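All remarks here apply to the structure that follows.
Rule-based calculations on the coordinates, nothing more; no lab input. Small disclaimer: the values here were computed from a predicted structure and weren't measured. Cβ sites come from the backbone with ideal geometry, for glycine too, and all protein chains shown count toward neighbours.
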Amino acid sequence: MKRDRVVLDSLLTVLAPSVWGSTYLVTTELLPPDRPLLASTVRALPAGLILLALGRTLPRGVWWWRALVLGVLNIGAFFFLLFVAAYHLPGGVAALVMAVQPMVVLALSALVLKTRVAPAHLVACVLGVSGVGLLVLQPHAGLDAIGVGAGLLGAVSMAGGIVLTKRWGRPADTGLLTFTGWQLTVGGLVLAPVTLLGEGLPTTVTGENVLGFAYLGLIGALFAYAVWFRGVERLPALTVSFLGFASPLTATVLGYLVLDQALSPLQLIGALAVVASVVLVQYAGSRGAPPPEGPTAPARTRPTAPRRKTART
């Protein structure tokens, strides 16, 4: 029963990176050109405000600065770097550069969460890195130094967000959608002034632009992040990070189907290596329960029983 629940949680969680894999296609085909900050802000802030309005709960105490840190790592910095990579690299390449995230999560989990690193995890990381290398380091892969740098920094930002979310959990009296809304709102508010100063607002907005922004905000942010943070709570951090490989695979498939982007034989081998790394991590996770990684769900305190009064004699 427990293994079946893990499989179901994994299948639901993988929907999030699958949706994110379409970000690259939507960015290049529907959004205004060369506006990564605007795309990041519009994607995050409206969805966050909607969830805040529904939850009607603000952070309290230590959760003010924790929400700020998580919002910047998971949303603000990550979104910006994601769109910079999307504008400078082909969709599949951009997603696969950011697929080094599991290797960063592995290192941070060992340092911060004291997670035991199994040999299978190291093998999976080698497979993942090799697969990314074969997929990206091709003569005609369309590499761009700015895009590659943004992709790598985005992977580090998201990895740090995953590990800290795993370590801190969320407040006991706060629902998952409200917790997601905090981070989306913080990320959007951090990005908004930078967007106005760095890019300004577009002079014209087309129907295609509105469609693209609506998709990224409602599906790519509100839905996908609620599903993603649910998975972070219920699954090991490393397992969640490897599910992120669905993003480059989705982007590659969409590039092939919609944009006529082809893969070389070596890139196909790289894709198989990436899939093999995901399967290996899932198999390693089912071979035994890892040690606790810290609070993953809201901590609940047990009420203490009142002391009995003893009669005086």
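Some notes on this structure:
- Low-density loop cleavage sites - trypsin sites (Lys or Arg not before Pro) in the stretch 219-287, where at most 14 other Cβ are within 10 Å (DSSP): 287
- Cα-based shape type of the stretch 16-60, given that a ≥ b ≥ c are square roots of the gyration tensor eigenvalues and the cut on a/c is 1.5: prolate
- Three-way shape label, the stretch 94-133, alpha-carbon gyration tensor, a/c 1.5: oblate
- log₁₀ of I(q)/I(0) at q = 0.18, 0.22, 0.24 Å⁻¹ - the stretch 13-125, Debye sum with one point per alpha carbon: -1.10, -1.25, -1.32
- The charge dipole of the stretch 1-80, taken about the Cα centre with unit charges on the Cβ atoms of Lys, Arg (+1) and Asp, Glu (-1), comes to about 420 debye, rounded to the nearest 20.
- Inter-centroid distance (Cα atoms) of the stretch 212-264 relative to the stretch 1-58, Å: 8 Å
- Relative protection proxy for 178-189, 13-24, 57-68, from highest mean packing down: 178-189, 13-24, 57-68 (other beta-carbon atoms within 10 angstrom).
- Note on the stretch 121-229: Rg/Rh from Cα positions, Kirkwood definition for Rh, rounded to two decimals, is 1.03.
- Gyration tensor verdict on the stretch 2-285 (Cα atoms; rounded if a/c is under 1.5, prolate if a/b is larger than b/c, oblate otherwise): oblate
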